[in-house]
Structures are given as C-alpha cells and as structure tokens.
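Student: Dumping the structure here so I can ask a few things about it.
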Amino acid sequence: MRSIALYGVAGTLALSALTFAPPGSAAEGPPHGDRQAEARGTAIAAQRAEAAGVRFGRCAAATRLPAPVRCGTVSVPLDYARPDGELLTLTISRVAATGPAGERQGALVYNPGGPGGSGLYFPLLSVVKAKAYANAARAYDFVGFDPRGVGRSAPISCEAPAEFIKAPTRDPQPTSGLDKQDRIATAKAYAQGCASRSGHLLPYLTTLNSARDLDVIRAALGERKLSYFGASYGTYLGAVYATLFPSHVRRMVFDSVVNPDRSQIWYRANLEQSAAFEIRWADWRDWVARHDAAYHLGHTAEQVRDAYESVRAALAAKPAGGVVGPGELQSAYLGAGYYDGTWQGLAAALSAYVHGDPRPLIARAAPDPAGATGSENGNAVYTAVECADAPWPRDWFTWDRDNTALARTAPFETWDNAWMNLPCAFWPAPHRQPLEVATYGHELPPVLLVSAERDAATPHAGAVELQRRLPGSVLVTERGSGSHGVVYGPNACVNDRVDAYLLRGETGADRTQTCGPHPEPKP
C-alpha cells in the first residue's frame, strides 16, 4: 500500500525478461518459516525482554526528541526460529502519562503505518499537549518505536540517499514500449541494490516478524497485555498481532484500515488503491472548481484537470527551479488524495504557477536534501516488507495488462503506483504467503476500527472485511469524508468514541456506527 506520509514516496522505478508465476503460486516461494519454531522463539525472546526491561534515558541527539521524551532499546531475534542467533536492536520512545496514578492505564504503543514509518515521534503529541490527544495522554504512557529496518532500528538501504531524491524526474505515465522497458530495468536495478546493500536482512523484514517484535516490546515494557494504536499499514500489523497473540491484547484502535484478505496483500491492494485515488482526485478538483473565485483554475472539475495537465506538460518541458518536473508534481499532488487539509495549499500553489509565480509549487514539490536519508530508508523498508510479505507476479505481461486496463479509468495514480512496486517482481528474498488474519472464540477483546467512507489509501471495504474477521469488533465510519487518518482529527464524534473506548473500554451496543463528515476546508 502506498502512502505519502506512511508508505514513502515513489521514485522512478523500472525490466528485462520475467518468468511467469501468478500471485499465490508455489513458484512464488515458501509459505512461511517454521511456524512452531518461530512461536517458541517469540516466547523465549519475550521472556528475556521482560526480565531485562527497558533502560530509558535521554534520546540520541540525532532524533531531536526533547525531554520529557525518553528513549531505550529492546533486543529481538533477527530470525525468531533461532532466538539465540543474531539480534536486532529496536529503538523505542516514551512519555509518561500526564494524569495522576489512579487514572493511568499503562502503555499505548503506536505504529504510524508504512511499512517504513517511524513511530518515535508519537510521544511528542503528549509533550506539545495536542488537544485531541489530551484525554488519552492522561491515561497512557505514549510509546513509539522504529520497526525493524527503520530509522534507528537496524536501518536498511537500497541506494544512495542523494540518488533516491535526485530531481527532476519524468512523468509516471509511460510514453512507449521503450519507456516501459527502461523503467523495468530501473526496478530490477533497485532490487539488486537492496540485495547488495541490505541482503542478509531482507528475508526477515516481514509483517509477521514485526508483529512478533511488538510482543517482545510489550513484554519489555512490563505490560501483561498490549494496548495498541495503529494507522494505515499499522492496522494490518495490528491485525496480524491480534491473530498471533489474541490473548495478549487489551485494547486496539485501528485507524484507516487495510484490507487483510490474503488475496489483496499486496499486489491487488495497490490496484484497488489506485482506483480509489481517482475518486478522491476528482473530489479535490470539484472542490477547487467550487472555489474558483479564490483560485481561478476553472469553474468545473474538468477545467481544473486541464489546468493541472497544462502545468504537468510545462514542467516536462522546463522543470520549475530546475528540480520540479512531472514526477515531483505527481508526488506533491498525491497529497490531495490523502488529506483534505492539503487542499488549500495545493490549489494555491497550482494557481500561482498558472499565473506566473512558480515559487509556491517549488516549495511544496522540491525534494528536501535534509530528509534524503530518512526518505530513502522509508522507501527501502516499504519495498522490502511488501515484497517479502506476499507473492507478486513475476511476469511483465501481468503488470502491463492490469495497469494498462486500470489506467483507462484511473490514470492519476495507476502507473506511479506500479513503478513504485515493480521491484517486487525481481525481489532477491523469498515471497511468503500472507497470514490468514482472523480470530475465533473469545480470546480477543473488542477492537475499535475507524474508517473514512471515501478514503483512497485504504478503501473503506477493507475496514468492513477486517470487522468480519474479528468477532466483537466495532466499526465507526466517518460518512462523506475521505481523509486518510481519522482518529483525533477534526471530527469530535469520532474522537469521543475513541476516548470512550481507550479510557473506559466502551464500544456501544451497535457493532456498526457512523459519524457525520468533518467540515470541508475553506480557501
């Protein structure tokens, strides 16, 4: 799954000859490691972590995390089937609950998504006294962590950071068969770069192992049961954890829910995502057209699209500031599909460019050299986890057929998403079979799912599917909205229900609940 803040930003990816192996076939690799041995290894690692605890101290200067945020480390096996073998050191962060002792309910562990997102900065929401989080911050220690491969937890790399952010980049829309072949070659080179720079780690960068890591972190924190808050891909990580360790769960909030169906992980999930982005892209264009008095980009969504396409063509001919080409434009305006909080700024930047001032567009779309290392690492982990988690087509025919067909009705994001994921066709580590996410009986307590009806990054059908698989779970839907990330945003109805669940364990009588939309942004 692709996400601006949670899944990384696409570079220009690209093949020679592939052999055919349809998704889910045996040719895609072994289904799992030795599951019994991995379960034993997880129990051993958790026991050791519980005995060792976490020694929290000042966070490393490079994190720029101020007091009272404290950081520590937890050791986990690289391979859970061999708990006495190589260890990885995971970095975690924490801020103590702000309420009196009688209100405190332990740790709330957070994952922001990705794969490849860092959760280390989650405790800052308590430090800066973010209003929406205030009630939860009184009750819970806010705990974040860098998952394996990310940031300060055995980080991986697939290419030089400066190369990853090199700009300008070309339009994601393919122009010819030769153009496609060039992008195929680039994807193959990227996969080879991952193997040469991070090869021995790649087989172990999976959602299954990250879920096991989460249980070790729980034990290290001294928590008998886990309270967890996951967003986007973090919901899939949480769902895998709930399947593996249902009796270890206390409370779980899943915000913007990934479809856990094994047939969706991850090739078809990205096709579904690209189709959903077309709808949300149209929502933004409709909004800009309704506010033509402010932006002067057209009275209709079609006129706004024409204005965008004219800018795209102009940037192909002459990149703005020498660094913003069609690829950078695409990455920036993908934000319109994620968060309506970006709508005003994106409309204003496009309007300024059309009317002769490129500076706002350059400020929004130009790559940031200061963030190159983090961006490259995030993209590497995104690729590594998605490629290792599940089977992918090995033949170019399947990719070309599916994306060509989809691009006829959903041109905005389809090819950009395809190039981002194409390295999985050449992945040097095994493709595993995804876990069958589901729980039975009464071991798992009620889980709270929250979803926006028009979310493009994680379409709403995924939340409905996960609710079906987790008996007793409750789904809260924000009607008529499409921002990716609903919890503790501008919708008081949603926030009240999350507080009731986290603070008192209350879910209400109805398993399916709705909230009205939050207000649309104003120019």
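Student: Is it true that G516 is surrounded by fewer than 20 Cβ atoms within 10 Å (Cβ to Cβ), closer than 30 Å to R290 by Cα, out of contact with any strand residue (DSSP E or B) (no Cβ under 7 Å at 6 or more places or on another chain) and not hydroxyl-bearing (S, T, Y)? Even if it seems obvious, please write down each step before you answer.
Tutor: Working: surrounded by fewer than 20 Cβ atoms within 10 Å (Cβ to Cβ): yes; closer than 30 Å to R290 by Cα: yes; out of contact with any strand residue (DSSP E or B) (no Cβ under 7 Å at 6 or more places or on another chain): yes; not hydroxyl-bearing (S, T, Y): yes.
It is true that G516 is surrounded by fewer than 20 Cβ atoms within 10 Å (Cβ to Cβ), closer than 30 Å to R290 by Cα, out of contact with any strand residue (DSSP E or B) (no Cβ under 7 Å at 6 or more places or on another chain) and not hydroxyl-bearing (S, T, Y).
Condition check ((1) of a type in the set (S, T, N, Q); (2) surrounded by fewer than 23 Cβ atoms within 10 Å (Cβ to Cβ); (3) in a loop (DSSP other than H, G, I, E, B)) across all residues:
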position	(1), (2), (3)
F412	no, no, yes
C424	no, no, no
P445	no, yes, yes
V464	no, yes, no
H484	no, no, yes
P490	no, yes, yes
N495	yes, yes, no
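Student: Within region 284-329, how many residues are more than 21 Å from P411 (Cβ to Cβ) and either small (G, A, S) or in contact with a Cys (Cβ under 8 Å, 6 or more places away or on another chain) (or both)?
Tutor: So the count comes out to 5.
Student: Another question, then. How about region 150-186: which of its residues are closer than 13 Å to N379 by Cα and aliphatic (A, V, I, L, M)?
Tutor: If the condition is that a residue be closer than 13 Å to N379 by Cα and aliphatic (A, V, I, L, M), then V150, I156, A160, I165 are the ones that fit.
Student: On to the next question. Could you please let me know if S157 is of a type in the set (S, T, N, Q), buried (at least 21 other Cβ atoms within 10 Å of the Cβ) and assigned to a loop (DSSP other than H, G, I, E, B)?
Tutor: Numbers: of a type in the set (S, T, N, Q): yes; buried (at least 21 other Cβ atoms within 10 Å of the Cβ): no; assigned to a loop (DSSP other than H, G, I, E, B): yes.
Answer is no for this residue.
Student: If you take the residues of region 292-307 that are over 10 Å from A347 (Cα atoms) and not charged (D, E, K, R), which of them is surrounded by the fewest Cβ atoms within 10 Å (Cβ to Cβ)?
Tutor: Filtering first and then ranking leaves A293.
Student: Residues that are among the hydroxyl-bearing types (S, T, Y): find the helices (runs of 4 or more DSSP H) completely inside region 253-356 holding 2 or more of those.
Tutor: Qualifying helices (runs of 4 or more DSSP H): 267-290, 301-317, 326-333, 343-354.
Student: Any idea how many residues of region 394-416 are of a type outside the set (G, A, S) and touching a Phe, Trp or Tyr at 6+ places or on another chain (Cβ under 8 Å)?
Tutor: Our first condition is that a residue be of a type outside the set (G, A, S); within region 394-416, this holds for 394-404, 406, 408-409, 411-416.
Add one more test, that the residue is touching a Phe, Trp or Tyr at 6+ places or on another chain (Cβ under 8 Å), and what stays is 394-395, 397-398, 403, 412-413.
The qualifying residues number 7.
Student: Please list, ordered by residue number, the strands (runs of 3 or more DSSP E) wholly in region 37-151 having 2 or more residues that are surrounded by 22 or more Cβ atoms within 10 Å (Cβ to Cβ) and within 22 Å of the chain's Cα centre (by Cα).
Tutor: Details: elements: 70-77, 87-95, 107-111, 141-145.
The strands (runs of 3 or more DSSP E) meeting that bar are 87-95, 107-111, 141-145.
Student: Let me spell it out: the conditions are (1) more than 30 Å from G327 (Cβ to Cβ); (2) over 21 Å from the mean Cα position of the chain (by Cα); (3) of a type in the set (K, R), and R408 meets all of them except one. Which number is the exception?
Tutor: So R408 meets the others, but not (1).
Quick note: the coordinates plus some simple rules give every number you see, no bench work behind them. Because the structure is predicted, anything quoted here is derived from the model rather than measured. Using ideal geometry, Cβ is built from the backbone for each residue, glycine included, and neighbour counts are taken over all protein chains shown.
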